[in-house]
Amino acid sequence: MTNKIKLSAITLALTAVLSACGSNTAQQISIESPNKNIKVDVSLNKQGEVEYSVYNQGQLVLEPSKLGVMLEGYTFDKTLTVTDKSKATIYQDNYSLLSAKKHNIEYTATSQSLTLNNAQGQQLQITFNVSNDGVAFKYSIEGEAEQAYQFVDELTEFDLKADASAFIQPIAVAQTGWSNTNPSYEEHYLIDVAVDTKSPTGAGWVFPALYKTDNTWLAISETGIDRHHHASRLAPESPEGVYTIDQPMAAEVFTNKKLLANGTFPYQSPWRIISLGDLATVAESTLGTDLAKANQLENIDFVKPGVSSWSWGLLKDDYTIYSVQKEFIDHAANMNWQYTLVDADWDRKIGFEKLQELADYAKTKNVGLFVWYNSSGEWNETPYTPRHKLLDKDQRLAEFSELKKMGIAGLKIDFFAGDGQSMIDYYIDILEDAADFELMINFHGATLPRGLNRTYPNLMTVEAVHGLEMVTFFQNSADKAASHSTVLPFTRNLYDPMDYTPTTFNELTGEIKRKTTNALELAQAVLFVSGVQHIVETPDGMPSAPYYAIDLLKQLPASWDDSKYIAGTPGKLAVFARKKGNLWYIAGINGETTAKDVELDLSFLGSNTGRIIQSGEGYGNMIMFDMQIGAKTKVSLQGNDGFVMVVTEGQQAQTFKQK
């Protein structure tokens with residue numbers, strides 16, 4: 001790619017590094033991660049455009065890429081001059097998450113800002129944070145204090161080498177799909193495609209977008225979003241691997257309200273984040289929440305991660321009735337799960353009076369209820385109810401008040417319009433108002449959370465995934481379920497909780513043929529991270545699994561103390577270890593149709609014994625046995641297969657007892 005090497009710009013970047021006592025008006029800064037592995041060069045080119053380059057262990061991984069932003073009356077694209085640079089400082093933060101792959105998180109980065117003037121003398125500040133797992137940057141414009149601003153465009157590029165490969169999900173065109181419900185982040189990922197691939201939908205690519213260039217992996221996303229922002233994506237075309245930030249489509253708004261970011265000065269963009277390094281570094285990165293806004297809720301005592309039963313996943317509309325929901329409450333109680341979800345049309349098929357009876361009954365079983373609501377709105381044609389109950393603040397507060405009095409634990413809210421600023425504002429209104437009534441939230445038909453589960457811990461999970469629901473509808477989705485499952489831990493579920501709704505052990509209804517083994521279905525429940533994990537297997541279907549698989553699901557954590565990447569490549573294999581207390585759960589999925597033996601390095605667990613559940617000629621086509629683990633632990637997998645292993649730190653194998 002000789003036309004993209006830009007040798008003169010790279011030479012300038014390497015020779016003009018500022019010393020600690022250099023001039024404030026020098027034209028470049030270089031910022032290194034605390035461990036010195038990652039370096040970012042920021043400089044001006046001959047046109048006065050600001051560019052950045054990213055290096056991993058001395059190797060260029062992002063070529064010179066433009067930066068800039070445009071508000072009405074404020075244009076920072078070219079003829080810029082550097083007027084100041086801050087001193088490099090160490091930024092540190094410690095925080096906890098309730099619905100994530102890791103509970104207690106420490107973040108450390110080298111932070112430095114560059115201030116630039118445009119031809120009109122207006123100032124733009126670009127702040128970079130460079131941590132051991134990646135790069136983050138944001139734009140700030142002071143403007144005229146308290147004066148209104150209106151976002152126009154962002155010029156940010158991510159210039160990947162032309163021979164890099166991409167693992168990316170196209171976004172659906174707004175107002176398409178069933179009842180005009182797109183976009184909902186529910187497409188399949190394109191796996192290992194060229195970086196100049198055009199989006200097949202003609203629209204953009206969703207975050208996080210994953211790439212491999214030489215020996216470095218990169219995951220690009222955004223975080224730190226608030227009610228004044230719209231949510232961004234990558235543009236549908238990326239000539240020679242140059243990706244640019246794109247905007248939501250015109251229809252992605254709360255009816256008659258704003259599409260693009262707006263507010264009063266000062267303006268701050270969300271953080272643009274790039275986790276990078278080897279695949280383990282990216283897979284274990286928490287950058288998507290590290291720079292999200294801190295917890296905004298005074299009271300989070302009511303926020304309780306858990307596992308939920310759910311009838312609609314396999315049984316669909318006709319079973320959202322009183323008698324069936326009571327059975328699913330009993331099912332949750334029998335499985336030691338914390339919740340039952342009562343899905344769409346409960347207001348017509350059950351009613352408020354009977355819902356109160358269900359809530360009272362569930363309380364006697366130590367089970368909480370989530371209830372479904374339609375977010376709409378005029379932005380789609382969905383027929384399900386309750387509908388139009390959450391649009392107006394006064395009505396929303398009245399609805400939440402009634403649910404609180406009934407003892408409801410939370411809401412699943414569905415069918416949002418997309419990513420416009422007014423829709424992000426609506427999401428946040430719901431989260432803040434729900435918190436006032438101690439209600440937890442699960443968003444469906446919705447956008448990527450972008451770290452909002454840190455800012456509002458009552459956000460337990462979000463769909464935004466081509467989940468098991470799609471497997472029950474389309475054979476193509478069933479065919480791809482295994483490979484798709486191995487992409488999600490590295491992309492959609494990388495930073496944010498994901499409501500995939502996993503795990504069934506029986507054939508699907510209708511003509512759809514499930515292609516995954518029962519052991520894979522069990523592994524999904526551990527591999528996928530969600531603050532409320534909805535297990536779709538029914539009370540009638542659960543006994544088809546062996547007692548040890550059922551017992552594992554009875555003990556299944558819904559939040560994790562720690563997580564480790566063990567092995568894998570997106571689309572082919574994903575093996576992760578997740579810790580709760582003194583137990584490590586190791587779950588793996590083979591995304592390919594051919595059998596394979598995988599060798600796992602489990603030496604971090606010391607000399608120990610694990611109890612593994614995998615496919616075999618046993619009840620429910622699964623077997624369980626004890627095995628010694630270590631640096632070369634071998635596991636055999638069939639095609640479209642999986643396994644779960646449980647290890648007690650410092651002890652012998654975890655025992656699953658028949659109930």
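Observations on the model:
- Applying the set (1) closer than 18 Å to GLN169 by Cβ; (2) assigned to a loop (DSSP other than H, G, I, E, B); (3) among the hydrophobic types (A, V, I, L, M, F, W, C) to VAL487 leaves exactly one unmet item: (2).
- Just one of (1) of a type in the set (D, E, K, R); (2) in the same structural domain as ASN640 (by TED's automatic domain parsing); (3) surrounded by fewer than 23 Cβ atoms within 10 Å (Cβ to Cβ); (4) over 18 Å from the mean Cα position of the chain (by Cα) fails for ASP540. It is (2).
- Taking strands (runs of 3 or more DSSP E) as the structural unit, those lying wholly within region 379-473 and holding at least 1 residues that are under 21 Å from LEU358 (Cβ atoms) and in contact with a Lys or Arg (Cβ under 7 Å, 6 or more places away or on another chain) correspond to 440-443.
- Filter pass, LYS363 being more than 19 Å from ILE413 (Cα to Cα), among the basic types (Lys, Arg) and either buried (at least 23 other Cβ atoms within 10 Å of the Cβ) or in contact with a Gly (Cβ under 8 Å, 6 or more places away or on another chain) (or both): yes
- Selection status of VAL324, assigned to a helix (DSSP H, G or I) and aliphatic (A, V, I, L, M): yes
- Selection from region 42-63 of residues that are charged (D, E, K, R) and part of a strand (DSSP E or B): GLU51, GLU63
- A Cβ distance below 7 Å, combined with a sequence gap of six or more or placement on separate chains, defines the contacts here; from region 351-378, residues that are at positive phi reach residues that are part of a loop (DSSP other than H, G, I, E, B) and modelled with pLDDT of 95 or more in the pairs GLY377/THR255; GLY377/LEU391; GLY377/ALA417.
- Meets criteria (of a type in the set (A, V, I, L, M, F, W, C), surrounded by fewer than 24 Cβ atoms within 10 Å (Cβ to Cβ) and either over 27 Å from ARG578 (Cβ atoms) or at pLDDT below 95 (or both)) for ILE300: no
- Failed criterion for ASP641 (all others in (1) farther than 30 Å from LEU459 by Cα; (2) of a type in the set (D, E, K, R); (3) in contact with a helix residue (DSSP H, G or I) (Cβ under 9 Å, 6 or more places away or on another chain); (4) surrounded by fewer than 20 Cβ atoms within 10 Å (Cβ to Cβ) hold): (4)
- Only a single criterion out of (1) in a loop (DSSP other than H, G, I, E, B); (2) of a type outside the set (Val, Ile, Thr); (3) in contact with a helix residue (DSSP H, G or I) (Cβ under 7 Å, 6 or more places away or on another chain) is not satisfied by LEU355, namely (1).
- Condition met for ILE350 (buried (at least 20 other Cβ atoms within 10 Å of the Cβ) and under 22 Å from LYS258 (Cα atoms)): no
Okay, residues lined up against (1) in contact (Cβ under 8 Å) with a residue 12 or more places away in the chain; (2) surrounded by fewer than 24 Cβ atoms within 10 Å (Cβ to Cβ); (3) touching a Ser or Thr at 6+ places or on another chain (Cβ under 8 Å); (4) of a type in the set (Gly, Ala, Ser):
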| residue | (1), (2), (3), (4) |
| --- | --- |
| LYS304 | yes, yes, no, no |
| GLY313 | yes, yes, yes, yes |
| TYR322 | yes, yes, no, no |
| MET335 | yes, yes, yes, no |
| GLN338 | yes, yes, yes, no |
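- Going through (1) surrounded by fewer than 17 Cβ atoms within 10 Å (Cβ to Cβ); (2) more than 27 Å from the chain's Cα centre (by Cα); (3) more than 18 Å from SER131 (Cα to Cα) one by one, ASP77 falls short only on (1).
- Region 131-144 residues that are among the charged types (D, E, K, R), paired with ones that are surrounded by fewer than 23 Cβ atoms within 10 Å (Cβ to Cβ) and not in a loop (DSSP other than H, G, I, E, B) (beta carbon under 6 Å, 6 or more apart): ASP133/THR281; LYS138/THR127
- Considering residues of region 176-219 that are on the phi > 0 side of the Ramachandran plot and of a type in the set (Asp, Glu) only, the residue farthest from the chain's Cα centre (by Cα): ASP214
- Residues considered: GLN296, GLN325. Of these, the only one that is of a type outside the set (A, V, I, L, M), under 25 Å from SER221 (Cα atoms) and in contact with a helix residue (DSSP H, G or I) (Cβ under 7 Å, 6 or more places away or on another chain) is GLN296.
The values are calculated or read from the model by the stated rules, or taken from the named source; none is laboratory data. In this text, all values refer to a predicted model and were calculated from it rather than measured experimentally. When we count neighbours, we look across all protein chains shown, and the Cβ atoms used for this are built from the backbone with ideal geometry, even at glycine.
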